[in-house]
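Comments concern the structure below.
Every read-out reported here was derived from the displayed coordinates using simple, explicitly stated rules and does not represent laboratory data. Just so it is clear, the structure is predicted and the values come from calculations on it, not from any experiment. A quick note on method: Cβ atoms are made from the backbone with ideal geometry, for glycine too, and the neighbour counts reach across all protein chains shown.
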Amino acid sequence: MQNRQLFLSHLAQTTDFPLMIEIERAEGVYLHGADGKRYIDLISGIGVSNIGHRHPKVIQAIQAQLDKYLHLMVYGEYIQTPQVQLAKALCDTLPAGLDNVYLVNSGSEAVEGALKLAKRHTNRREIVSCINAYHGSSHGALSVGGNEIFKRAYRPLLPGIKNIKFGDLKELVSITKGTAAIIIETVQGEAGIRIADKEYFHSLRERCDETGTLLVLDEIQTGFGRTGKFWAFQHDDIVPDMIVCAKGMGGGMPIGAFIANKDIMGSLKTNPLLGHITTFGGHPVSAAASLATIRVIQEEQLTEKVEEKAALFKKLLIHPEIKYIRNKGLMMAVEFETFEVLKPIIDTCIDMGVVTDWFLFCDNAMRIAPPLTITPSQIEEACAVIIQAIESNRK
Ligand code: PMP
C-alpha cells in the first residue's frame, strides 16, 4: 500500500486538513519530499526546530550518547551525565531563583508537573489560567486551556480552574489567597500570537506576590530563542516562580521540563509516596540533544538576528489581503480575513515549496515560525512565494 493510503487508513487522524506532505529528509530550513521536491519550512515542526533540522552538533551528541547507554532507570535514580549537565546548562540561562529542573518528555507533561507542584507547595487547590490559552492535550493541561470548544467534549475536567482575559489588568483580582498558581503563556501562541505588555507582567508578578500565588510561565512555544531572547520573559524583566518548557528544547528530540527553585521543587519530596514519577522523562539521548541545542543557540548567537529577520518578513509581507501581522521575534501571525481566504493560499504555498499553516484557535492567521537559522535570502524566497500565492488566489 502507498504511504498516503497507510496514513489515512492506519494512523489516527487529528485534523480535517492534514498537510500530507511525505518527507524523506530534513536539513536546516529545508524539508525534502519523497517526490524530490524541496520545501522551505516556515513552521519548524510547530516551534521545535529552532536551530534547524538535524543540526550537526545535535546529531553528533545523539550518536555519542547512543554508544553509551539508552534507558537506565526511572528519572532521578541514577546519575546520568546528560541529565545533570543539561539541568546545569538550563539553570545557567535562567535567573538565580530558577535552579531546579524536573525533566519530562513533552510540553503537556511539563504542565502537569507544574500544576501538581503548585498545589503541593501552596496547599491550595485553585488554578488561574487564561482565555484562549493552549497548554497541552492531557487532562490537566486541557483543564487550564482557554478554549471551550476544545474542552467541552471532555468535561468534567479538573475543578477549581478560573479563566481570565490575557493581558487585562482588571482581571488580575481573580488571583486571590486561594490561588495556588496562575499558568500563563508569555506570548499566547495558538491564539494567533497575542502579546501582553510589560506593565501587565509586572502587575501580574505583584499580584502573585501579594497573594502568595505561584507565577508559572509557559515558555513551551516561546523558549529557546524563538522571540529573540533565550526566554520570552526576559523581554519583560520579571522573574517567574516556575517555567515550563519543551518543543525547541530538544533540537528535534522529545524532552520537556518544569523548573522552579529548590525550595518549591522540594515539596515533591516531602512524602515520597505522593511524589511525581516518570519512566522516560529526561531520556539521556534527548537530554544530550538538548544540551547540544542550548550550546548551538549560545555559540551561534541565534537570538541576535531574530528581530532583524522578523523585520524583513514584515517588510516583504505587505499586501492588501494581509490585514495585520502580529509578532514577537520569529513567532509571527499573518492575519487574513477568513480561513476560507487563507486555506487556498497555504495550499498554493505548499505547491510552490513553502510550508506554513494556521493556529489552533486562530484559523484566519498564517503561522510563520521558521528555524532561527533562516537566512535573509531564504526569507526573500519564502515571502515572494507567499505574495505570489496570495495573488494567484485573488478572486
Ligand atoms: N504549551 C504551549 C504554549 C504549546 O504551544 C504547546 C504545544 N503546542 C504545549 C503547551 C503542549 O506541548 P506538547 O504538545 O509537547 O504536549
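What to note about this one:
- Pairwise centroid distance, computed over Cα atoms, of segment 168-219 with segment 232-275, Å: 16
- Cβ crowding within 10 Å, taken as a proxy for footprinting-reagent exposure, orders D236, D99 from fewest neighbours to most as D99, D236.
- For segment 237-326, the gyration tensor built on C-alpha atoms gives a prolate shape. Its axis ratio a/c (a ≥ b ≥ c) is at least 1.5, and a/b is the larger of a/b and b/c.
- Sorted on the mean count of surrounding Cβ atoms within 10 Å across their residues, most packed first, peptides 259-267, 67-75 read 259-267, 67-75.
- Cross-link table K88/K116; K314/K395; K229/K262; K37/K57; K151/K305, entries beyond 28 Å C-alpha to C-alpha: K151/K305
- Summed side-chain charge close to I183 - residues other than I183 whose Cβ falls under 13 Å, Lys, Arg +1, Asp, Glu -1: -3
- Rounded to the nearest 20, the Cβ-based charge dipole of segment 57-299 about its Cα centre (Lys and Arg +1, Asp and Glu -1) stands at 500 debye.
- Summed side-chain charge close to D363 - residues other than D363 whose Cβ falls under 11 Å, Lys, Arg +1, Asp, Glu -1: -3
- Three-way shape label, segment 1-140, alpha-carbon gyration tensor, a/c 1.5: oblate
- Taken over the chain, the ratio of Cα radius of gyration to 2.2 N^0.38 Å equals 0.98.
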